[in-house]
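Below: the structure, in structure tokens.
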Amino acid sequence: MRKIIGIILLIIIAWGIIISLQEIPFGTSRSEVADYYINKGIEETGAANIVTSVVVNYRGLDTLGEVTILFLAAIGLGAVLATIIRKEDRKTVKASLILSTGCKFLFPFVLLFGAYIFIHGHLTPGGGFQGGAIIASAFLLMYLGCYKEKRINETGIIISESLGGLVFVIIGLIGLAVGTHYFLNNFIPKGEFNTLLSAGIIPIIYVAIGFKVGSELSKIIELLLEES
Amino acid sequence: MDFLHNYIYYIGSFGLIFIGIFIMIAKRNYIKVIIGLSILDTGVNLFLISVGYINNGTAPIFSKSAIEAKNMVDPVPQALVLTAIVIGVAVLGLALSLGIRLYKHYGTLNLQKIKEQKW
């Protein structure tokens, strides 16, 4: 019964969507906002990657809200799982020497790759979110490979997460105080185009986002692995 | 055929969205509902990306001076999807933690066997 109702509902929705989408031409023109960002983005923000300049500079306030949602999700996950009584030590088999040594060998390189991704966020496809996810995957590798031996330092995670958020907000507020008075105003000189030290505040904020996202996602991984 | 060629991205993304909604309506297992939510998330992201696509377009990155601005795809949906993916991961983690809690409390993940629910 539920399946029949679901199929009827979906057919109605699909019919409405087909009718409305036929009016929109596919792949021919951009919106005016996109034209503005692409044509003026280089001189206004100095970043080679237009997506980065939209995420961090033009729509930076949205990114702040989005980082807050991630923070709230991590907090909520901790609150939901905190009251569960922990089982006694599960029977875990120690991983073989090859696996644990391989994980320990790969761990710093994965961290380095994540750092590369978020430092070069304004030049190449990449940025704080992707780099943070790669860093979290490095911690996941450590948990899967040598679970009992190595643990994440919890105060370290809390400190890096709070520092990332604070740097983001403080740089945005400085931009509010200096110059043309809007949040995340690019007050640092932009430097030479398409080099590492360019685009003013964008690399700094992306490094902060990278730390924040990386520590939050690894905290989520840690909670889910410990409590299940 | 022309219709397929023009709208293949929309058809694919809405196919994923409808599969996700159907799983969420029809299935009774909580884990399967979460899988449906995840598929729906992917479909929405694909739809947003394909709205901003331009025929024969390039990524909006001025990594070489030879790249022209008029061929670039729309950067706004890409920025939106960039953040939406991370949000999706966080929501997935929260939903899974609720599932752990549900299983510890009721001993089942079948949503019809949980007595106190209203729906």
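Data overview
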| item | result |
| --- | --- |
| Selected residue (only one of A:Leu9, A:Leu81 is within 11 Å of chain B (Cβ to nearest Cβ), over 30 Å from A:Val169 (Cα atoms) and surrounded by 11 or more Cβ atoms within 10 Å (Cβ to Cβ)) | A:Leu9 |
| From A:Leu77, A:Leu10, A:Leu70, residue being within 19 Å of A:Gly127 (Cα to Cα), not in a loop (DSSP other than H, G, I, E, B) and not β-branched (Val, Ile, Thr) | A:Leu70 |
| Count of residues meeting criterion [in contact (Cβ under 8 Å) with a residue 24 or more places away in the chain and facing chain B (nearest Cβ under 8 Å)] in segment A:62-78 | 5 |
| Segment B:59-92 - residue that is within 19 Å of the chain's Cα centre (by Cα) and of a type in the set (Val, Ile, Thr) and, of those, farthest from the other protein chains (Cβ to nearest Cβ) | B:Val81 |
| Of all residues making up segment A:27-39, the number that are among the hydroxyl-bearing types (Ser, Thr, Tyr), facing chain B (nearest Cβ under 7 Å) and part of a helix (DSSP H, G or I) | 1 |
| Qualifying positions in segment B:93-119 - open to solvent by 60 Å² or more (accessible area, probe 1.4 Å) and not polar (S, T, N, Q) | B:Leu96, B:Leu98, B:Arg101, B:Tyr103, B:Lys104, B:His105, B:Tyr106, B:Lys113, B:Lys115, B:Glu116, B:Lys118, B:Trp119 |
| Lone unmet requirement of (1) in contact (Cβ under 8 Å) with a residue 12 or more places away in the chain; (2) open to solvent by 30 Å² or more (accessible area, probe 1.4 Å); (3) of a type in the set (Ser, Thr, Tyr) for A:Tyr143 | (2) |
| B:Asn110 closer than 18 Å to B:Ser50 by Cβ and of a type in the set (S, T, N, Q) | no |
| Residue in segment B:4-14 that is within 30 Å of B:Ile114 (Cβ to Cβ), open to solvent by 50 Å² or more (accessible area, probe 1.4 Å) and within 13 Å of chain A (Cβ to nearest Cβ) present | no |
| Test: residue in segment A:202-215 that is under 17 Å from A:Thr45 (Cβ atoms) and open to solvent by 30 Å² or more (accessible area, probe 1.4 Å) | yes |
| Some residue of segment B:31-50 being outside any helix (DSSP H, G or I), open to solvent by less than 70 Å² (accessible area, probe 1.4 Å) and facing chain A (nearest Cβ under 10 Å) | no |
| Any hit, segment B:41-58, residues being at positive phi and free of Cβ contacts under 8 Å to residues at least 60 places away in the same chain | yes |
| Among (1) among the polar types (S, T, N, Q); (2) more than 21 Å from A:Ile24 (Cβ to Cβ); (3) in a helix (DSSP H, G or I) - the single one B:Ser65 does not satisfy | (3) |
| Residue list for segment B:36-65, restricted to those being touching a strand residue (DSSP E or B) at 6+ places or on another chain (Cβ under 9 Å) and either over 16 Å from A:Pro125 (Cα atoms) or at pLDDT 90 or above (or both) | B:Ile54 |
| All positions within segment A:12-29 that are open to solvent by 70 Å² or more (accessible area, probe 1.4 Å) and farther than 30 Å from B:Lys70 by Cβ | A:Ile12, A:Trp15, A:Ile18, A:Ile19 |
| Pair list, Cβ < 6 Å and 6+ apart or interchain, from segment A:40-61 residues that are more than 7 Å from every other protein chain (Cβ to nearest Cβ) and more than 12 Å from A:Gly200 (Cα to Cα) to residues that are part of a helix (DSSP H, G or I) and not acidic (Asp, Glu) | A:Gly41/A:Ile50; A:Gly41/A:Ser53 |
| Candidate set: segment A:30-69, residues that are open to solvent by 10 Å² or more (accessible area, probe 1.4 Å) and of a type in the set (A, V, I, L, M); chosen: the one modelled with the highest pLDDT | A:Ile69 |
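The values are calculated or read from the model by the stated rules, or taken from the named source; none is laboratory data. Computed from a predicted structure; not experimentally measured. Note that each Cβ is placed from the backbone with ideal geometry, even for glycine, and that neighbours are counted across all protein chains shown. Remember, those area values only see protein heavy atoms, side chains included, never the ligands or the DNA or RNA. Shrake-Rupley method; radii C 1.70, N 1.55, O 1.52, S 1.80 Å.
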